[in-house]
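These notes concern the structure reproduced below.
The values are calculated or read from the model by the stated rules, or taken from the named source; none is laboratory data. Keep in mind that what you see is a predicted model, and the values were worked out from it rather than measured. Please note: Cβ atoms are built from the backbone with ideal geometry, for glycine as well, and neighbour counts cover all protein chains shown.
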Amino acid sequence: MSGEKKEEPSLSLKVKGVMVKDVITIDEKSTVKEAAEVMNKLEIGCLIAVRKGKAIGIITERDLLKRVVANARDAAKTKVKDIMSSPLVVVEPNKDLEEAVRLMFQMKIKKLSVVDGKRLVGLISLTDIARFQPQMMKIIKQLAMKQSAPKSMKKVIDYYVV
């Protein structure tokens, strides 16, 4: 034995291993109509709103429904900054997935922006986690049993968690 330390395999799964790296952004001054067009064209459910290149909020399909359609606002005149969810809830790429899920439950959200320092490097959703890593199901299930899952998360949990 040479005294070398054996590196133990990491049992904790990190955000960076699951996150989507190609995050689509939109300027906060863009119209909601422009945002909807980008989301529709790219078949994505959210955009990160930016101000001078810095991520400041998120606009989701739900935001469009609740804050534009339901209120009969003019999508061509309403700005992203007027309906986005802000401040942006973020997680670091080296955080454990379990911590990310806990933060989602605590904040009652399904998507987290991933930032390294002040730089936006990815996006992670509850669906990404559920699809990617079956081991996380136990953690999600335990959290859902301890505290009732927010309505917005219930569909994902009911579908993916057995």
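Taken over region 22-42, the criterion of being closer than 15 Å to Leu123 by Cβ and not β-branched (Val, Ile, Thr) is satisfied by Asp22, Met39, Leu42. Return yes or no: is Asp158 surrounded by fewer than 12 Cβ atoms within 10 Å (Cβ to Cβ) and more than 18 Å from the chain's Cα centre (by Cα)? Answer is yes for this residue.
The rows are residues; the columns are (1) surrounded by 15 or more Cβ atoms within 10 Å (Cβ to Cβ); (2) at pLDDT below 95; (3) of a type outside the set (A, V, I, L, M, F, W, C).
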{"residue": "Ile26", "(1), (2), (3)": "yes, no, no"}
{"residue": "Ser30", "(1), (2), (3)": "yes, no, yes"}
{"residue": "Met39", "(1), (2), (3)": "yes, no, no"}
{"residue": "Val50", "(1), (2), (3)": "yes, no, no"}
{"residue": "Gly53", "(1), (2), (3)": "no, yes, yes"}
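Within region 79-123, the residues that satisfy the criterion of being polar (S, T, N, Q) and part of a strand (DSSP E or B) are Ser85, Ser113.
Once region 107-131 is narrowed to residues that are of a type in the set (Val, Ile, Thr) and at pLDDT below 90, the residue that is surrounded by the most Cβ atoms within 10 Å (Cβ to Cβ) is Ile129. Scanning region 86-111 for residues that are out of contact with any helix residue (DSSP H, G or I) (no Cβ under 6 Å at 6 or more places or on another chain), within 20 Å of Arg51 (Cα to Cα) and either without any contact (Cβ under 8 Å) to a residue 24 or more places away in the chain or not basic (Lys, Arg) (or both) yields Ser86, Pro87, Leu88, Val90.
Of all residues in region 40-49, those that are within 17 Å of Asp128 (Cβ to Cβ), in contact with an Asp or Glu (Cβ under 8 Å, 6 or more places away or on another chain) and of a type in the set (A, V, I, L, M, F, W, C) total 1.
When you look at Ile83, is it of a type in the set (Val, Ile, Thr) and either in contact with a Cys (Cβ under 6 Å, 6 or more places away or on another chain) or exposed (fewer than 13 other Cβ atoms within 10 Å of the Cβ) (or both), yes or no? No. If I filter region 57-79 for residues that are farther than 21 Å from Ile24 by Cβ and surrounded by 16 or more Cβ atoms within 10 Å (Cβ to Cβ), do I get at least one hit? So far as region 57-79 goes, no, none of its residues is farther than 21 Å from Ile24 by Cβ and surrounded by 16 or more Cβ atoms within 10 Å (Cβ to Cβ). In region 64-75, the residues that are within 13 Å of Ala35 (Cβ to Cβ) form Cβ pairs under 9 Å with partners that are modelled with pLDDT of 95 or more and surrounded by fewer than 11 Cβ atoms within 10 Å (Cβ to Cβ), at six or more places apart or across chains, as follows: Val68/Asp74.
Just to be sure I understand the filter: pairs with C-beta atoms under 6 Å, separated by 6 or more residues or on different chains, first member in region 127-152 and farther than 18 Å from Lys16 by Cβ, second member at pLDDT below 70. Which pairs pass? If the second residue must be at pLDDT below 70, the pairs left are Met137/Val161; Ile140/Val161; Lys141/Val161.
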